[in-house]
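**Q** Below you will find the structure I want to go over with you.
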Amino acid sequence: MRKHIRGFDHAVILVRDLDLAQDTYRRLGFTLTPRGFHSLGSQNHCIMFGRDYLELMALPAAPPAAFQYFAEFLARGEGAGALALASDDAAAAYAELAQSGISAEPPLALSRPVKDLGEARFTLVQLPPAQTPGFRTFVCQHHTRDIVWRPEYQRHPIGATGIESVSIAASDPDLYTSLFDKLPVVFSRAPAPAVTALRIGVTDRARAAEILERGGFSPARLADGSLAVSAGAAHGVALIFS
């Protein structure tokens, strides 16, 4: 793994109806942050864990050019449209990527208001879409973690603790290995590339099963005892609770 890429920061789950997705993920047993409104018109809810998180994102009715990739993704269906890699220094990560032959966009400083708390500031480094077919990948450095990682949003009825691994289907997994080297990624072969599943750690599987069933879900029990909620029930990406 590169020195300034520390793991997964978050997964962006693109949805067509944010109200519906909000209800779905609450019934899945997650605590959601208040709705965020971005300057380009997108809206989101985040599901915060100890070191990483999930982001539910919806686009405006007329997406600007900056959202062309996400708009085209949503035209095909909902799902995990992007993976963010955590960094302590986005500029240094950009240099490391360049040294390894990956042509990324220069670091871009962004911010968004957080109700009653101030402004969340972060720096992104976008990788070209061809680098990870099926989803976008970018590097994310947070400058105001105390505003984003609030304790009240890290406590989930289902007992979720974080992203344990990401499952990626691809016709040629070797395309991804130079970028995701030593990251917790499980590859499978399929003609259509996609992030197919997110494995989420939980503190108590029995409690998690109870929460899911109470929320109206019928999770499948996997061979290792984990609980799987299908992509169709979770807005385009399967969730595995382990």
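The values are calculated or read from the model by the stated rules, or taken from the named source; none is laboratory data. Bear in mind the structure is a predicted one, so any value in this text is a computation, not a measurement. Cβ sites come from the backbone with ideal geometry, for glycine too, and all protein chains shown count toward neighbours. In case anyone asks, the SASA skips ligands and DNA or RNA and just uses the protein heavy atoms, side chains included. Shrake-Rupley method; radii C 1.70, N 1.55, O 1.52, S 1.80 Å.
**Q** Which of the residues belonging to region 1-34 are surrounded by 15 or more Cβ atoms within 10 Å (Cβ to Cβ) and assigned to a loop (DSSP other than H, G, I, E, B)?
**A** Selection gives Arg2, His4, Ile5, Arg6, Val15, Leu28, Gly29, Phe30, Thr31, Leu32, Thr33.
**Q** Just name the residue that is least open to solvent (accessible area, probe 1.4 Å) out of those in region 173-208 that are at pLDDT below 95 and of a type in the set (Asp, Glu).
**A** Asp181
**Q** Just to be sure before I move on: is Ser218 farther than 18 Å from Ala82 by Cα and under 19 Å from the mean Cα position of the chain (by Cα) in the structure I sent?
**A** When the stated conditions are applied, Ser218 does not pass them.
**Q** Look through region 105-118, keep the residues that are at pLDDT below 90, of a type outside the set (A, V, I, L, M, F, W, C) and part of a loop (DSSP other than H, G, I, E, B), and return whichever of them is farthest from Thr177 (Cα to Cα).
**A** Asp116
**Q** Related question: Suppose the filter is modelled with pLDDT of 95 or more, within 14 Å of Ala82 (Cα to Cα) and either open to solvent by 60 Å² or more (accessible area, probe 1.4 Å) or in contact with a Gly (Cβ under 7 Å, 6 or more places away or on another chain) (or both); does Arg136 pass it?
**A** When the stated conditions are applied, Arg136 passes them.
**Q** Still on this structure, please answer the following. If I filter region 41-59 down to residues being modelled with pLDDT of 95 or more and open to solvent by 30 Å² or more (accessible area, probe 1.4 Å), which single residue comes out as nearest to His156 (Cα to Cα)?
**A** Gly50
**Q** Report, by residue number, each residue of region 105-120 that is open to solvent by 70 Å² or more (accessible area, probe 1.4 Å), under 19 Å from Arg136 (Cβ atoms) and among the charged types (D, E, K, R).
**A** Correct list: Glu105 only.
**Q** Right, next: Just a yes or no: is a residue in region 133-141 in a strand (DSSP E or B), more than 25 Å from Ala90 (Cβ to Cβ) and either over 16 Å from the mean Cα position of the chain (by Cα) or not aromatic (Phe, Trp, Tyr) (or both)?
**A** no
**Q** Among the numbered criteria (1) exposed (fewer than 12 other Cβ atoms within 10 Å of the Cβ); (2) touching a residue at least 24 places away in the same chain (Cβ under 8 Å), which single criterion is violated by Ala86?
**A** (1)
**Q** Exactly one of (1) at pLDDT 95 or above; (2) assigned to a loop (DSSP other than H, G, I, E, B); (3) closer than 29 Å to Leu127 by Cα is unmet by Pro157. Its number?
**A** It is condition (3) that Pro157 fails.
**Q** As an exercise: evaluate Ile102 against (1) in a loop (DSSP other than H, G, I, E, B); (2) at pLDDT 95 or above; (3) open to solvent by less than 20 Å² (accessible area, probe 1.4 Å); (4) not polar (S, T, N, Q) and give the number of the one condition it does not meet.
**A** (2)
**Q** Would you call Val202 under 30 Å from Pro129 (Cα atoms) and in contact (Cβ under 8 Å) with a residue 12 or more places away in the chain?
**A** Judged against the criteria, Val202 is not a match.
**Q** Confirm whether Ser218 is open to solvent by 20 Å² or more (accessible area, probe 1.4 Å) and in a loop (DSSP other than H, G, I, E, B).
**A** Taking the combined requirement at face value, the residue satisfies it.
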